[in-house]
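Take a look at the structure set out below.
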Amino acid sequence: MIHPGRLRTEYLSDPLGVETPAPRLSWWLEADADGKAQSAYEIEVSSQGSKSPDLWASGRVESPRQAHIEYTGRALQSRQACLWRVRVWDEGGQVSEWSAPARWEMGLLEPSDWHGRWVRHVGATPGRPSLFRRAFKARGGLARARLYATAHGIYVAHVNGTRVSDAALRPGWTDYPTRTQYQVYDVTSLVAEGENVLAAVVADGWFSGHVAMVGRDVYGKRPALLAQLELTFEDGTTQVIASGSGMCAAHGAWLSGDLLMGETIDARLADVAWMRPGFDDSAWSKARIRTSPAPALTAEVNEPVRPIEEVAAVAAFPSTTGDATVFDMGVNLVGRVRLRVQGPAGTEVTLRHAEILDAEGALYTENLRTAKQTDTYILAGQQEGETFEPSFTFHGFRYVEVQGLGASLPSDACTGVVLSSAFPITGGFECSEAMLNTLQANIVRGMRGNFVDIPTDCPQRDERAGWMGDAQIFVRTATANAAVAPFFTKWLRDVVEACGPAGFRDVSPMPINFKTPGAPGWGDAGVIVPWTVYRVYGDTRVLEAVYPEMKRWVDGKAEANPDMLWREARGNDYGDWLAVGEEASKEVIASAYLAHSLDLTSQAARVLGQACESEHYRDLFERARAAFRAAYTGPAGLLEPSQTTCALALCFGLLEPEQRELVMSQLVARVDAAGGHLSSGFLGVEHLLWALDLGGRLDIAHDLLVKRTFPSWGYSIDHGATTIWERWDGWTEEGGFQDPSMNSFNHYSLGAVGAWMYGRLLGLDLDAEVPGFAKASICPRPGAEITWARGWQETMAGRYEVAWRIRGDIFELDLQVPVNAIAEVQLPHNGIPATVRSGRHHFETAWVAPR
Ligand code: BGC
């Protein structure tokens, strides 16, 4: 017997604001015995209140599929609430009970659904957040209330003084004039009979605040709000309260609120009465309707940024200047603090945030460049004390220096509130080598801190931009740790919208002055990221959405480089960014990436049923491979070998079989030449260990992974890293800090080794052919005296668990395969792979310690 559960619509649990006409439905399966599989399913979808499946009855469909079943029922209308359930048949034809129902609700599908107008606060002080309010009367008998809202800027909405959601930094970052995401809130329980107030605070955010290194007002000079509250009563009548001329605006306690610079609150001005009924707003100004063209509005498809964790300060100590308290949060986190303070009204408290301390023990802030990440709180002077927590900024920090209240605040006065896009963590890894467990934790922390609505390079300096190269290097590791399909679905729209005449760029969304065409390994993210999302989640829609731009990208490069070596049009050509001690040829890297993107475009075409185009790009790939070999290889292998070019040539399949061994020995020689260390930068680091493994030098891969001397992951950990550093030499014993103009201590790129830790060290990996983990490859590769590893991943197909240990001369593996899935198991030193079905499995084989 099998049973469906954990129903998901467009990846999410009971989402509001779905816009696709054919939402994709997925479920997991439970079974009472091993080896069970699904042979058929039946789905029913009914509209709210209907007893029958009036929207869609799929009938029995003979299929093992349990992910991304497209709704093909009656056309769905704006706001439509849909309830769905599924039942399944097992391999023996036994049918399950119906699942518990799940639901989704459609968003506003037509521009004419929007009655709200974009409003601004005229006369607002630039940089100062504005309050908007609108009072309204509601009658009794309310059945449901939905708030549809967004902003140019960032907003927090309230109904009758209650915040409608704990989500932060909404609506997130898109290239706003092109497209702005809106959010949908169920506020049924907040609306009362009689007087009500719809309120919002709107700050500059990415729209008109400081963005990256390009200054303020990137998308517009003044933030604006769009909101529409829809009340539906039991008798079927509706009432709409929308932003427009009926709204009024004012300033409140916020004196500033900027993502990079920080936030200032004068608590003496704080009064929540304005959000509630009965407040006299006659002195407020009328909100002005913005007349500039409205952007396309699309519902949020990704999980919003939220506070995902609270971190207690581990210590508090006097600053080096003696007049302030420094709090140590124990880890380098992204978010802000909640500070409990007490003092006379008007006391000004300043909070400076830094990732690290300098040699004297003072906050090291040079690496922030022009970002200030400084908050100021002016006390109201409440007898019982008061709490400061900003809303419209975020910082990357481990240390907070609080000035204005003396040098001896207690450590429990300060709590770190961690912000991140709130996707669930769906993978875990640990092993007998403690340093690697720290590395794993640092990778996840770095991902959390840099996945803030978009994948950013770093969270602290005046940059925090959607650098494409970083994202493509890390995407596979991200998918191993978290359910990031919605996150990347949203960002890939930004990527497509940011495309210029030459296609993908280096950065998406694209703040205005990054108008260069994409560089090798950066622009290629537009090919690699959707391909990876397809492979991991079985998502063909994301491929379909980006495919035209994938083609444009590779076509453009092929046109500019008829000999298929990427010599022309390399944009900013960053090469193997931040490599140490070895400069890989930029041209070789570029040509390798061109071939790889052609290969993936050809594969994407095949998946999308475009056989001719697939063939065409396959031919171009073959030409690019041949050109690569003709131009860059000789009798000894690669002409100018570096770790990175060797790794790319091996991993991208650019070599003839007989050349692989040569290039492999060159790679080994390059590691030797670096004293047994890695030297790769961003582009090489993702592939280095895979290449060594592919070429049979697992021993070296392990050795690099567990290394503690410079440069290595272990070196930064031994020097206090709690996130992944931007550079191998961010801080060294010999040189101290690297150049402060580019030295972040929270950049996830070099954490791209995480995919290898899952895929090989633990041995839980994608199957080479089957997408979406309906089949997994279990291929543990112990080494470096690691005696056990265990981990798990929750996939579209269900949860896999892998645990292995070495007991003397026996290698043992325990494996859990989800219902309906299969796994191919390849034990170490054991030639014949075994294919197993769902359930728990135990394997043992003789273990020979590596030399
Ligand atoms: C960013 C990187 C990015 C790079 C391009 C840097 O400033 O922080 O992570 O990929 O520029 O080379």
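The values are calculated or read from the model by the stated rules, or taken from the named source; none is laboratory data. Bear in mind the structure is a predicted one, so any value in this text is a computation, not a measurement. Here the Cβ is made from the backbone with ideal geometry for all residues, glycine too, and neighbour counts use every protein chain on show. Only protein heavy atoms, including side chains, enter the accessible area calculation; ligands, DNA and RNA are left aside. Shrake-Rupley method; radii C 1.70, N 1.55, O 1.52, S 1.80 Å.
Using the alpha carbon gyration tensor of the chain, what are the three equivalent-ellipsoid semi-axes (square root of 5 times each eigenvalue), largest first, in whole Å?
Those come to 44, 35, 27 Å.
Say R0 is 25 Å: what FRET efficiency, to the nearest 0.05, do residue 608 and residue 72 get from their beta-carbon distance?
With R0 = 25 Å, the Cβ-Cβ based efficiency is 0.85.
Enter the Cα centre distance for the pair segment 232-307 and segment 1-56, rounded to the nearest angstrom.
36
Filter the GluC sites (Glu not before Pro) in segment 504-610 to those in DSSP coil with at most 15 other Cβ atoms within 10 Å of their Cβ, and list the result.
568, 583
Just to be sure I understand the model, the point goes 7 Å from the Cα along the line to the Cβ. What's the resulting residue 387 to residue 115 distance in nm?
3.7
Could you give the angle, 0 to 90 degrees to the nearest 10, between helix 586-607's Cα long axis and the longest principal axis of the Cα atoms of the chain?
So the helix axis and the longest Cα principal axis differ by about 80 degrees.
Counting only protein heavy atoms and a 1.4 Å probe, tell me what percentage of the chain's accessible area is made up of carbon and sulfur.
Ligands and nucleic acids excluded, carbon and sulfur reach 50 percent.
As an exercise, identify the trypsin sites (Lys or Arg not before Pro) in segment 127-221 lying in DSSP coil whose Cβ has no more than 14 other Cβ atoms within 10 Å.
Loop-located and lightly packed - 139, 221.
Report the calculated FRET efficiency for residue 432 and residue 768 (r = Cβ-Cβ distance, R0 = 30 Å), to the nearest 0.05.
0.55
Check cross-link reach from residue 137 to the aspartates and glutamates: straight Cα distance under 15 Å, and skip same-chain residues fewer than eight apart.
193, 195, 230
Can you list the equivalent-ellipsoid semi-axes of segment 14-165, largest first and in whole Å, using the square root of 5 times each Cα gyration tensor eigenvalue?
Each semi-axis is the square root of five times an eigenvalue, giving 42, 17, 15 Å.
Would you mind calculating the gained length between residue 846 and residue 338 on full extension (0.36 nm times residue separation, minus the Cα-Cα distance), in nm to one decimal?
Full-extension gain reported as 177.4 nm.
Quick one: compute the contact order of segment 457-535, relative version, from alpha carbon pairs under 8 angstrom and 6+ residues apart, as a percent.
35
Please work out how much length the chain gains when fully extended from residue 830 to residue 97, using 0.36 nm per residue of separation minus the C-alpha to C-alpha distance, in nm with one decimal.
Full extension of this stretch gives 259.7 nm more.
Nearest 10 degrees, 0 to 90: what angle lies between the long axis of helix 611-632 and the longest principal axis of the chain (Cα atoms)?
60
Residue 22 versus residue 362, label points 7 Å from Cα toward the beta carbon: distance in nm?
6.3
Using the Kirkwood radius over C-alpha pairs as Rh, can you work out the diffusion coefficient of segment 78-188 via Stokes-Einstein at 37 °C, viscosity 0.692 mPa s, in µm² per second?
For these conditions, the coefficient is 185 µm²/s.
Here is the link list: 36/490; 221/515; 490/707. Which ones come out longer than 26 Å on Cα distance?
36/490; 490/707
For the chain, what's the relative contact order in percent, using C-alpha pairs closer than 8 Å and at least 6 residues apart?
Relative contact order here is 10 percent.
Would you calculate the separation in nanometres between label points at residue 583 and residue 125, each defined as 7 Å from the Cα along the Cα-to-beta-carbon direction?
Label-label distance for residue 583 and residue 125, simple model: 5.1 nm.
Order 186-192, 769-775, 743-749 from most to least packed using the mean count of other Cβ atoms within 10 Å.
Per-residue mean Cβ counts within 10 Å order the peptides as 743-749, 769-775, 186-192.
Give me, ordered by chain and number, the residues 5 or more places off residue 35 or on other chains with an amide H under 5 Å from its own placed amide H.
Sorted by chain and number, the residues that satisfy this are 838, 839.
Counting heavy atoms of the protein chains only and a 1.4 Å probe, report the per residue accessible area for the chain as a whole number of Å².
Accessible area per residue, the chain: 35 Å².
What FRET efficiency comes out for the pair residue 568/residue 665, r = Cβ-Cβ distance, R0 = 51 Å, nearest 0.05?
0.95
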